[in-house]
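The values are calculated or read from the model by the stated rules, or taken from the named source; none is laboratory data. As the structure is a prediction and not an experimental result, all values here were calculated from the model. Backbone-built Cβ (ideal geometry, glycine too); neighbour counts: all protein chains shown.
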Amino acid sequence: MNDVQAFEAHATDAELGELRARLAAARLPEAETVYRPAPDPRRWDQGVPLADLVEVVEYWRTGYDWRPFEDRLNQLGQFRTIIDGLGIHFLHHRSARADATPLLLTHGWPGSIAEFVGIVDELADPEDGPAFHVVVPSLPGFGYSDKPTTTGWGTEKIAGAWVELMGRLGYDRFAAHGGDWGGVITTVLAGRFPEHVLGIHTTLAPGPPGLTTDRLTDDERRWTEETYDFWHHRAAYAKQQATRPQTIGYSLVDSPVGLLAWLLDKFADWSDTTDSPFERISRDRILDDVTLYWLTRTGASAARIYYESHNSLDPDLTVDVPAAITIYPADIEKYPRPWSEQRYRQIVRWNSPGAGGHFPSLEVPEYFVDDLREGLAKVLAR
């Protein structure tokens, strides 16, 4: 079945009313025992501070409006198609330019297609420079894609599904970008399907395991230390979702406050900020993402990508197509170029900007678009 069907998002007033009622009835714990006055990142040492959460919950209940984001999705063009028995949802926005290149954007967790909604127009119809036919799929178990009912939907299978999806849209060869899980999937795409991938741009470029820190610069060694620190002191969420996604999933699907806290913690910890994620990303943009998880009941199904794929990237996989790599300074996994070069064999552009974290399309959107276009221009020129 190769049909591609148009799709429209529409939450009922009853669903939105139920969300507000649950927020009003929330039972909250006492305040954390590490309180310090803002601004101070140590306020978050035990997780989302109570005062911050109360403020966002109140805004979500009384001030936030889901409808503009829902309308934006419908304006961009939403579709669904069945691949390997699973319904895959995606945005597809074609450029008016005849010379446009197909571009696949893959999100990660705790993100969603909401990461890219604000930049699609700029990529499709820029004033100058390269233009793109933009395709933004929702990962299996995320958003309006179906929830897998069996194991097997890891990054390798998703990469194969993306090739099938792009082929159905008439794009036999395309460029690809991703970060977080999207970066892993983009790497697998380029490594496994080089005949379909013109080249990639990624904000995650892991080298194979076991490489030495000998001959690294001081800055490169600091990157490896920060990445080590993340995985050993700030990654309990990943271990939980990789081993017991169903258990945490009950809270994420049943409690909007639980869902908000679980996701907001990552927006705070992984953004380039001194205290609060709202220094970089507006409450509305974060709540677009959280509300999408809530309305689609995907807290558990999205968490399962960790169960399917944690530590699963083939250590011997190499990427021989052109690659543009951008490592943002506050991101959680930063690999030095000598390590990345062991996997990505044709790096045509390496960039390390001065600001930005794990969610650059939301934190520094104008820079992100310029960087993505410049990187892909180098990729396509090669």
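Just so you know, in the stretch 324-348 the residues that are of a type in the set (Ser, Thr, Tyr) and part of a loop (DSSP other than H, G, I, E, B) include one that is surrounded by the most Cβ atoms within 10 Å (Cβ to Cβ), and it is Tyr328. For Val369, the conditions (1) of a type in the set (A, V, I, L, M); (2) over 25 Å from Asp314 (Cα atoms); (3) part of a strand (DSSP E or B) all hold with the exception of (3). Restricting Asp314, Asp370 to residues that are without any contact (Cβ under 8 Å) to a residue 24 or more places away in the chain and either among the charged types (D, E, K, R) or out of contact with any Ser or Thr (no Cβ under 8 Å at 6 or more places or on another chain) (or both) narrows the list to Asp370.
A single member of Gly199, Gly191, Gly210 is outside any helix (DSSP H, G or I) and either in contact with a strand residue (DSSP E or B) (Cβ under 7 Å, 6 or more places away or on another chain) or crowded, with 17+ Cβ neighbours inside 10 Å (or both), and it is Gly199.
In the set Gly152, Gly143, only one residue is more than 26 Å from Pro360 (Cα to Cα) and in contact (Cβ under 8 Å) with a residue 60 or more places away in the chain; that residue is Gly152.
Would you mind stating whether Thr62 is of a type in the set (Ser, Thr, Tyr), crowded, with 16+ Cβ neighbours inside 10 Å, at pLDDT 95 or above and out of contact with any Asp or Glu (no Cβ under 6 Å at 6 or more places or on another chain)?
No: the conditions fail for Thr62.
The residues of the stretch 224-262 that are within 28 Å of Arg283 (Cα to Cα), touching a residue at least 60 places away in the same chain (Cβ under 8 Å), touching a Leu at 6+ places or on another chain (Cβ under 8 Å) and not aromatic (Phe, Trp, Tyr), listed by number, are Pro256, Val257, Leu260, Ala261. Only one of (1) more than 21 Å from Glu374 (Cα to Cα); (2) in contact with a strand residue (DSSP E or B) (Cβ under 7 Å, 6 or more places away or on another chain) fails for Arg345. Which number is that? Unmet for Arg345, out of (1) more than 21 Å from Glu374 (Cα to Cα); (2) in contact with a strand residue (DSSP E or B) (Cβ under 7 Å, 6 or more places away or on another chain): (1). The residue of the stretch 309-323 that is surrounded by the fewest Cβ atoms within 10 Å (Cβ to Cβ), among those that are touching a Gly at 6+ places or on another chain (Cβ under 6 Å), aliphatic (A, V, I, L, M) and assigned to a loop (DSSP other than H, G, I, E, B), is Leu317. Checking each residue in the stretch 346-382 for being among the β-branched types (Val, Ile, Thr) and closer than 21 Å to Tyr335 by Cβ picks out Ile347, Val348, Val364, Val379. In the stretch 143-162, which residue that is in a helix (DSSP H, G or I) and either in contact with a helix residue (DSSP H, G or I) (Cβ under 7 Å, 6 or more places away or on another chain) or at pLDDT below 95 (or both) is farthest from Trp181 (Cα to Cα)? Across the stretch 143-162, the extreme among qualifying residues is Trp162. Anything in the stretch 220-256 that is within 24 Å of Trp60 (Cβ to Cβ) and either aromatic (Phe, Trp, Tyr) or touching a strand residue (DSSP E or B) at 6+ places or on another chain (Cβ under 8 Å) (or both)? List them, or say none. Matches in the stretch 220-256: Tyr237, Tyr250. For the stretch 303-313, the criterion of being over 22 Å from Lys157 (Cβ atoms) and of a type in the set (Phe, Trp, Tyr) is satisfied by no residue at all. Can you tell me which residue is surrounded by the most Cβ atoms within 10 Å (Cβ to Cβ) among those in the stretch 349-361 that are free of Cβ contacts under 8 Å to residues at least 40 places away in the same chain and within 25 Å of Pro208 (Cβ to Cβ)? Looking at residues that are free of Cβ contacts under 8 Å to residues at least 40 places away in the same chain and within 25 Å of Pro208 (Cβ to Cβ), I get Arg349. For the stretch 109-119, the set of residues classified as within 21 Å of Ala161 (Cβ to Cβ) and surrounded by fewer than 23 Cβ atoms within 10 Å (Cβ to Cβ) consists of Trp109 only.
Taking each residue of the stretch 274-289 that is touching a residue at least 24 places away in the same chain (Cβ under 8 Å) and looking for partners that are among the acidic types (Asp, Glu) and not in a helix (DSSP H, G or I) with beta-carbon atoms closer than 7 Å, six or more apart or interchain, yields Asp275/Asp40; Arg280/Asp272.
On the basis of being crowded, with 17+ Cβ neighbours inside 10 Å and not in a helix (DSSP H, G or I), does Gly182 make the cut?
In short, no.
For the stretch 12-57, the set of residues classified as surrounded by 12 or more Cβ atoms within 10 Å (Cβ to Cβ), within 18 Å of Asp269 (Cα to Cα) and touching a residue at least 40 places away in the same chain (Cβ under 8 Å) consists of Ala38, Asp40, Pro41, Arg43, Trp44, Gly47, Val48, Asp52, Leu53, Val56, listed by residue number.
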